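Q: Take this structure first; my questions come after.
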Amino acid sequence: MALRALLGLHIHHLLLRRNPKFQKFPNYFNPTSLIPRSRTLISRFSSTVGSGKNLILTKDERVGTSGTVEGLGTIAAIVTSLGGGPAAVGIVRLSGPMAVDVASRVFQPAKRNGEVPWRPRSHFVEYGLALDLEGNVIDEVLAVPMLAPRSYTREDVVELQCHGSDVCLRRVLRACLEAGARLAEPGEFTLRAFLNGRLDLSQAENIERLISAKSVAAADSALAGMQGGFSALVKGLRKQCIELLVEIEARLDFEDELPALDSSMLIDKINLMWHDVQQALDTADYDKLLQSGLQIAIVGRPNVGKSSLLNAWSKSDRAIVTEIAGTTRDVVEAHVTVQGIPVTLLDTAGIRETDDLVEKIGVQRSEAAAMSADVIIMAISASDGWTEDDKKLMEHLQMNQMSTSFATPMILVINKIDCAPSITEELFEINTRIFKKHVCTCAVTGQGIVELEKAVLEVRGLDSIPAGGRRWTVNQRQCEQLLRTREALSRLKSSICEELPSDFWTIDLREAVLALDEISGVDISEEVLSNIFSKFCIGK
Amino acid sequence: MRLRLRPMAAAAAAAAAVASPIIPSFLHPSRRLRLRLSLSIPRSTQRCFSSRSCVPRRRLTTVAASTAKGDIGGVEERFDVIVVGGGHAGCEAALASARLGARTLLLTLNIDRIAWQPCNPAVGGPAKSQLVHEVDALGGEIGKIADRCYLQKRVLNLSKGPAVRALRAQTDKREYAMEMKKVVESTPNLFVREAMVTEILVGNNDNVEGVHSFFGVDFYAPSVVLTTGTFMSGKIWVGRASMPAGRAGESASQGLTENLQYLGFETDRLKTGTPARVDRRTVDFSGLEPQHGDEQVSWFSFDPDFHIEREQMCCYLTRTTKDTHKLIKDNLHETPTYGGWVEAKGPRYCPSIEDKIVRFQDKESHQIFLEPEGRNVPELYVQGFSTGLPERLQLALLRTLPGLENCLMLRPAYAVEYDYLPAHQCSRSLMTKKIEGLFFSGQINGTTGYEEAAAQGLVAGVNAARHSCGKPLIVLERESSYIGTLIDDLVTKDLREPYRMLTSRSEHRLLLRSDNADSRLTPLGREVGLIDDRRWDLYQSKQARIIAEKQRLKSVRVSGGDLAAEVTLLSGQPVKDSVSLESILKKPHVQYNVLDKHGYGNNLLTRMEKECVEIDIKYEGFILRQQSQLQQVHQFI
């Protein structure tokens, strides 16, 4: 989480400032050459201009890059979890230009006892001792050197695998800090990986999601994102936008040297792109569900078998089941997973007019649960058929929904199907407007549960997600940028249809590229230009 | 005697060659290098030493100064601003500086070549025309001279949007130079002198004190603008043959690069080229496609005093043929790039014909424009046909072009290599970060083009003048103008090819149009002091007229009638009853002249003013959106 916060904090800076120079991270921030120079610059400038005088348009220099300079250095942190029970192994990671130096002050290889300096071979594990600055042995460790650029951060990285207790890890970390490293900020390793071009922004975000994944499907989706499924789509879209920009802009700067633009080809391409963006947006919903899960409230009048249904679905005896109407007084939760999505089932008290104070509160809670759920399952009993009470309850639920002006999808479950196998079809014809699906179940045998799961996915529009969920999804930030992209493309289409001059088309195309850039984080102008020059024969 | 010594080598050589009394002067904290002359001109070292230590700012300037008569023989040449170079950057810089009241010296290698157009005889074009309008809005000269000396004018990108609409003028190159020279010579406070500057004189505080010329004269000023163009260690190439020159027939400037390097500046080398000129009388135009100027001429300058129409000349279009391509392919090894003897990079947007043919193999033919260079000269500029081929092949190559089968060549195509200073060494005021009071502008900053040079020249000239009297320097924000974008790109990006202004370099170009260059920049020009009362009055009344007209269009409503019928026809959209003229103008394909046609126009407005009104109204939504985007970007900076 902290990583997300940190990345989020830096995103705008990076997007605006990230240019080719930026990727030469070490040179750019070389403290020995840059800082003194900028200092003399500032002091001379202030003496030239004189204090108190105002410049007409703005001050001359863009001072203020110095803030990023402190980001340099070699960082260290414990990268395995702390505070839990003692684990067998824990890792202290060092990254930065001095990582090997720092490590060699802490780590003493067993093979060449006392030999200094330690010259590690990249990706070659060595066994040895960790020493503090006084030379006391503080742990036995394995050192894993990963030298630049073949490392997570593209800097020199050394990982020290220590014994997993908090004491060992903290002592080794402290030794590293004393040896010249500084404590890493939360998420700083990933930030460096991003700054050094090892990851783009959406990949970096997926790493955070993988670390905090709570279900297999969430982890799979994050992995797919890390491996660049989504990045590839964004890159593809961006590339197409740039291509179109190139086509248009080349004709603005070099009018008399190129044939006229084929605008129907342009519109076709834009439509395709629009479609791609829309598809990506569709996954946003799924992503939210992967992260937060789905809440399903089971409601109904008393004694239609809601609790049995919950038990059958969750394969447990979570809820007490009796023949007595009104057994369930409070909301009972059970957890299941539907196609990788964590689902919370809420069994509720049967809704009816009652004088029993406890049951009354239970009924209120049932309604509240129904109001906040993502899906409402209304259960009826096949043996009783569609009763007047069922109708009342349904109308009641509808009223509640109208007051919130948000329609939660509802599914009708006809339980106890074993008691009345020939349940009539006309029952549903009245209700298809309200219930998106109906499923017949038998809680006792577990019949219909699979169909019910399918129906849940269907009403939430998740049925198009391939089974197993091994597919990337977009998060909130990416979703916003995709919406921006889609809007830009929509405006672009209308600009073209209204026959606005072609310069106006570039405005929205650029907007689309900018939005896509914020997903992965790069810079355009020069790219458009170099594409123009490589693609067209231009020049007089 | 022409020594081209690297500074360090020079120091060693001098120390070895000159008698010991000279040596103490090297211990003096001064960074100056005066070696070349001390090798060849005998003088009283005693005097030299004492005069330096007593009066650090004064130096021996001439041989006469070392005679017994003391200082009487030496005239101290002291100015507020010195501009080195008389090209398009130098002229704008010197004029701006002099007009701001600074005593300004323009040093040039050859007074007869002031404001010469060594390449394309044209001003303007996409993005470049915006620069010209902007320079004019700030009180610069390039637009007026181009308006005065045009041979042909065309508006490009007419249908592609108001922001990319661009005026281009073919100019009479001799007339252009003469007119600019006249202006330069008649401007008060501005002094012209021929000199080759070899050194920058630097004071103890890393401040500029003046320049030193090849013939041994020192000129003093607290601000110096270098606009050396292609002259600094320039070398021209035709085929394998090369010679030191800034342009064909003009000697290069030697020594300054080494001096700048010694002062700690990073220099690099760029290459550009110019095509051959052919004799118009030997070209058969009968089969060529003529390209006429616009019937209704547009203007660069916002000053109506310069809107004087003249007869236009025609350009012609021809194309490369199979023979052209074959000749080039057979002789690629004879070109500098493919033969491998010139390394400096040329511009991507100005490739030689061999580059075009090698890189775009599938293209069977390339357009070539034939442009007149003047009304009274036979020279034709063969645009799109620059080449590094040796001269013996050039005529044959020209004769492969339709219409040129029997042509005679007047000047061969050549390439020029020159030193420039990557402009990250300047701040956005164009003052160098290293030496206070030293400004760079024009090709020395790695740009190409007269317009880019003029734009920088104006900024450097204004700031040099302001610096000389202790005023704060001005900076044009990137988002304010193409000039700002140009300079911001130059000082922040790592450019390694000649920089040409292009519309795609501007992120918010809808806001930076030609038509609003004056409302963006003339108030600044006024505040700086380059816009006189007459121009200011013109400007203010123009703005008032535009505002009043927009008000009028908002309030006047029409119902039905011929206008509504024609608008429906043009736009394909229905016209409501009692609709304002403003909403009518917002409809697609409806232009102001439709209002004129039906008697709803305003005769008080000029064509340009009507265009401003139309753009402001028609594209209001887009303009507002770009403005808000700009503000969003600013929040993060």
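Q: (1) free of Cβ contacts under 8 Å to residues at least 60 places away in the same chain; (2) within 14 Å of chain A (Cβ to nearest Cβ): which one isn't true of B:Phe215, the others all being true?
A: (2) is the only condition that B:Phe215 fails.
Q: Being in contact (Cβ under 8 Å) with a residue 12 or more places away in the chain and either touching a Pro at 6+ places or on another chain (Cβ under 7 Å) or assigned to a helix (DSSP H, G or I) (or both) is the filter here; which residues of segment A:362-389 pass it?
A: Passing the criteria: A:Gly362, A:Val363, A:Arg365, A:Ser366, A:Glu367, A:Ala369, A:Ala370, A:Met371, A:Ser372, A:Val375, A:Asp389.
Q: What tally of residues in segment B:460-484 results from selecting those that are away from chain A (no Cβ under 11 Å) and either without any contact (Cβ under 8 Å) to a residue 40 or more places away in the chain or surrounded by fewer than 20 Cβ atoms within 10 Å (Cβ to Cβ) (or both)?
A: 1
Q: Every residue in segment B:232-277 that is surrounded by fewer than 19 Cβ atoms within 10 Å (Cβ to Cβ) and of a type in the set (Lys, Arg), please.
A: B:Arg240, B:Arg269
Q: Being in contact with a Cys (Cβ under 8 Å, 6 or more places away or on another chain), at positive phi and crowded, with 24+ Cβ neighbours inside 10 Å is true for just one of B:Ala102, B:Ala115. Which residue is that?
A: From the options B:Ala102, B:Ala115, the qualifying one is B:Ala115.
Table: residues versus (1) more than 13 Å from chain A (Cβ to nearest Cβ); (2) more than 22 Å from B:Gly125 (Cβ to Cβ); (3) surrounded by 16 or more Cβ atoms within 10 Å (Cβ to Cβ); (4) within 25 Å of the chain's Cα centre (by Cα).
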{"residue": "B:Glu309", "(1), (2), (3), (4)": "yes, no, no, yes"}
{"residue": "B:Gln312", "(1), (2), (3), (4)": "yes, no, yes, yes"}
{"residue": "B:Glu334", "(1), (2), (3), (4)": "yes, yes, yes, no"}
{"residue": "B:Gly340", "(1), (2), (3), (4)": "yes, yes, no, no"}
{"residue": "B:Asp362", "(1), (2), (3), (4)": "no, yes, no, no"}
{"residue": "B:Leu370", "(1), (2), (3), (4)": "no, no, yes, yes"}
{"residue": "B:Tyr381", "(1), (2), (3), (4)": "no, no, yes, yes"}
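Q: May I ask you to list the residues in segment A:143-199 that are of a type in the set (D, E, K, R) and part of a helix (DSSP H, G or I)?
A: A:Asp166, A:Arg170, A:Arg171, A:Arg174, A:Glu178, A:Glu188, A:Arg192 - these are the residues of segment A:143-199 that are of a type in the set (D, E, K, R) and part of a helix (DSSP H, G or I).
Q: So which residues in segment A:222-273 are within 30 Å of A:Glu208 (Cβ to Cβ) and within 14 Å of chain B (Cβ to nearest Cβ), if there are any at all?
A: Listed by number, the residues that qualify are A:Cys241, A:Ile242.
Q: Being part of a loop (DSSP other than H, G, I, E, B), within 21 Å of the chain's Cα centre (by Cα) and either in contact (Cβ under 8 Å) with a residue 24 or more places away in the chain or on the phi < 0 side of the Ramachandran plot (or both): is that true of B:Thr272 here?
A: The answer is no for B:Thr272.
Q: Here's another thing I want to ask about it. Quick one: would you say B:Leu510 is closer than 30 Å to A:Leu245 by Cα, part of a helix (DSSP H, G or I) and within 11 Å of another protein chain (Cβ to nearest Cβ)?
A: Considered against the rule, which asks whether it is closer than 30 Å to A:Leu245 by Cα, part of a helix (DSSP H, G or I) and within 11 Å of another protein chain (Cβ to nearest Cβ), B:Leu510 comes out as yes.
Q: Moving on to the next point. Could you go through segment B:599-612 and let me know if any residue there is over 22 Å from A:Glu487 (Cβ atoms), in contact with an Asp or Glu (Cβ under 7 Å, 6 or more places away or on another chain) and among the charged types (D, E, K, R).
A: Yes, segment B:599-612 contains a residue that is over 22 Å from A:Glu487 (Cβ atoms), in contact with an Asp or Glu (Cβ under 7 Å, 6 or more places away or on another chain) and among the charged types (D, E, K, R).
Q: Residues A:Ala319, A:Ala349: which one is assigned to a loop (DSSP other than H, G, I, E, B), over 20 Å from A:Leu412 (Cα atoms), aliphatic (A, V, I, L, M) and touching a residue at least 12 places away in the same chain (Cβ under 8 Å)?
A: Matching residue, one of A:Ala319, A:Ala349: A:Ala319.
Q: So which residues in segment A:496-512 are surrounded by 18 or more Cβ atoms within 10 Å (Cβ to Cβ), free of Cβ contacts under 8 Å to residues at least 40 places away in the same chain and at the interface with chain B (Cβ under 9 Å from one of its Cβ atoms)?
A: Passing the criteria: A:Leu500, A:Pro501, A:Phe504, A:Ile507, A:Glu511.
Q: Sticking with this one: Does segment A:78-94 hold any residues that are at pLDDT below 85 and either of a type in the set (A, V, I, L, M, F, W, C) or at positive phi (or both), and which are they?
A: Scanning segment A:78-94 gives A:Leu82, A:Gly83, A:Ala87.
Q: Of the residues in segment B:308-337, how many are within 19 Å of B:Gly384 (Cβ to Cβ) and in a helix (DSSP H, G or I)?
A: Qualifying residue count, segment B:308-337: 11.
Q: Before we move on, is B:Phe215 buried (at least 16 other Cβ atoms within 10 Å of the Cβ) and on the phi < 0 side of the Ramachandran plot?
A: no
Q: Can you confirm whether B:Ser286 is part of a loop (DSSP other than H, G, I, E, B) and in contact with a helix residue (DSSP H, G or I) (Cβ under 9 Å, 6 or more places away or on another chain)?
A: Here the answer is no, as B:Ser286 does not meet what is asked.
A quick yes/no check of all residues on (1) over 30 Å from B:Trp536 (Cβ atoms); (2) not hydrophobic (A, V, I, L, M, F, W, C):
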position: B:His292; (1), (2): yes, yes
position: B:His307; (1), (2): no, yes
position: B:Gln312; (1), (2): yes, yes
position: B:Arg319; (1), (2): yes, yes
position: B:His333; (1), (2): yes, yes
position: B:Trp341; (1), (2): yes, no
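Q: Check B:Ser427 against each of (1) over 22 Å from B:Ser129 (Cα atoms); (2) among the hydroxyl-bearing types (Ser, Thr, Tyr); (3) more than 12 Å from every other protein chain (Cβ to nearest Cβ) and name the one condition it does not meet.
A: Of the numbered conditions (1) over 22 Å from B:Ser129 (Cα atoms); (2) among the hydroxyl-bearing types (Ser, Thr, Tyr); (3) more than 12 Å from every other protein chain (Cβ to nearest Cβ), the odd one out for B:Ser427 is (3).
Q: In addition: Which one of these is in contact with a Gly (Cβ under 7 Å, 6 or more places away or on another chain) and buried (at least 20 other Cβ atoms within 10 Å of the Cβ): A:Ala217, A:Ala222?
A: A:Ala217
Q: Across segment B:141-183, what is the total count of residues that are among the hydrophobic types (A, V, I, L, M, F, W, C), buried (at least 24 other Cβ atoms within 10 Å of the Cβ) and not in a loop (DSSP other than H, G, I, E, B)?
A: Counting residues in segment B:141-183 that are among the hydrophobic types (A, V, I, L, M, F, W, C), buried (at least 24 other Cβ atoms within 10 Å of the Cβ) and not in a loop (DSSP other than H, G, I, E, B) gives 8.
Q: Among (1) charged (D, E, K, R); (2) at pLDDT below 95; (3) within 18 Å of B:Gln394 (Cβ to Cβ), where does B:Asp279 come up short?
A: Of everything listed in (1) charged (D, E, K, R); (2) at pLDDT below 95; (3) within 18 Å of B:Gln394 (Cβ to Cβ), B:Asp279 misses just condition (2).
Q: Against the condition buried (at least 22 other Cβ atoms within 10 Å of the Cβ) and modelled with pLDDT of 90 or more, how does B:Gly525 come out, does it pass?
A: Against the criterion (buried (at least 22 other Cβ atoms within 10 Å of the Cβ) and modelled with pLDDT of 90 or more), B:Gly525 qualifies.
The values are calculated or read from the model by the stated rules, or taken from the named source; none is laboratory data. Worth saying up front: this structure is predicted, and the values here are computed from it rather than measured. Note that we place each Cβ from the backbone using ideal geometry, even for glycine, and neighbour counts take in every protein chain shown.
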